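The values are calculated or read from the model by the stated rules, or taken from the named source; none is laboratory data. Since the model is a prediction, treat every value here as computed from it, not as a measurement. Cβ: placed from backbone, ideal geometry, glycine included. Neighbour counts: every protein chain shown.
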Amino acid sequence: MNLKTLFTSVAATALIAGTAMAEPVTLRIQTHYATEHPTGQRLAQWIDDVQTMSNGEITIEMFYSSSVVGSVETFDAAINGILDCDATGGAYQTGKNPAFQFVGDIMGGYDTAWQQYSWLYYGDGYKAAQELYNSYNMQLIGWSIYGQESMSSSRPLAGFEDLKGWKFRSPPGMETEIFEKLGASPIVMDFTEIFTALETGIIDGADASGLANNVGLGLYDIVKHATYPGFHSMPSDHLACNLDVWNGLTEQQRRIMETAWQKLSFQIALYNDRANAAAAAELTAKGVTLYDWSNEDRATFRKAAQEAWADWATRSPEAAALVDSHMAYMTQLGLVD
């Protein structure tokens, strides 16, 4: 055997040995999305990406539609080892620490998903958020953001003046405080109650989801007004894993998880941009009126949101740190003065 062949053989053997050192791992993850939901379908693609790129070293066992524990309990289930990772969203954990509001739904913050991703990856957001997650022995892997939500209404919503006396379905938390200050009457209720509440006039409208998702819910069979493009709410889902589990992965396995998640997150934003634009054209053709709020009205809402941020920042040191981080980056982007 000549020297070149010997070196090639040794290098190949070392490569194989190094690859074989990684132990196969199975990660149990829960999401609140169903398999047929567009995000659920993209999660299935993420699983395939991870398993393929890891050459089968990582197996993902995904539990859809919160089938193991309730959505709000997923984070604790990962902390306690019932699951390995949580693929729901930080907004479910505001009862644990108000700071999770600012990694779950900032409310009236960024205009686009890309600005919000930019804060996470280039605005020191990942570091600030990671300190919060690590304090619960969890690791934030990344976000997925489907874009601005739209409000649906049985009456016009051309600007903030139309919010006065407007009864609408709202999620709990900071949103109710902001809209109450603007004169609206938010009513916290489950998704399953929206359709009947609109039909019976209990509510005038709903903050449910993005425009395309609202079409899927059948809301515009009842109401004929909506805000688009949205401005008030842009929730971010997350992938967060038990820190001990995360640290037990090899560096290669962690890189694969992170890289595949970035692909997933950007695909979700791109898909929903397209889906919402298609829904807007379809709804306009069917006589639904869409309202793109003026810069002045958007500024009024953002000012009310900032007052709520300041109040929530007093509720925990972690909340204050995240609000400061967002404000500094939004100032750089020209979104706040």
inquiry  = Among the residues of the range 271-302, what is the count of those that are crowded, with 17+ Cβ neighbours inside 10 Å and more than 27 Å from Glu161 (Cβ to Cβ)?
reply    = 4
task = Restrict the check to the range 179-192 and report whether at least one residue is at pLDDT 95 or above, of a type in the set (Lys, Arg) and over 30 Å from Asn247 (Cβ atoms).
result = no
Residues (part of a loop (DSSP other than H, G, I, E, B) and either free of Cβ contacts under 8 Å to residues at least 40 places away in the same chain or farther than 18 Å from Gly95 by Cβ (or both)) located in the range 300-337 = Thr314, Gly334, Leu335, Val336, Asp337
ask   = For the range 146-162, how many residues meet the condition of being in contact with a helix residue (DSSP H, G or I) (Cβ under 7 Å, 6 or more places away or on another chain) and buried (at least 24 other Cβ atoms within 10 Å of the Cβ)?
value = 4
query = Of the residues Ala281, Ala299, Ala321, Ala310, which single one is at pLDDT below 95 and of a type in the set (A, V, I, L, M)?
reply = Ala299
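Taking the range 275-295, which residues are part of a helix (DSSP H, G or I) and either hydroxyl-bearing (Ser, Thr, Tyr) or free of Cβ contacts under 8 Å to residues at least 24 places away in the same chain (or both)? Break it down stepwise before answering.
From the range 275-295, those part of a helix (DSSP H, G or I) are 275-285, 295; that's our starting set.
Hits for the range 275-295 are Ala277, Ala281, Thr284, Ala285, Asn295.
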inquiry  = Which condition from (1) out of contact with any strand residue (DSSP E or B) (no Cβ under 8 Å at 6 or more places or on another chain); (2) surrounded by 21 or more Cβ atoms within 10 Å (Cβ to Cβ) is the one that Tyr228 breaks?
reply    = (1)
Verdict on Ile268 being of a type in the set (Val, Ile, Thr), out of contact with any strand residue (DSSP E or B) (no Cβ under 6 Å at 6 or more places or on another chain), part of a helix (DSSP H, G or I) and crowded, with 17+ Cβ neighbours inside 10 Å = no
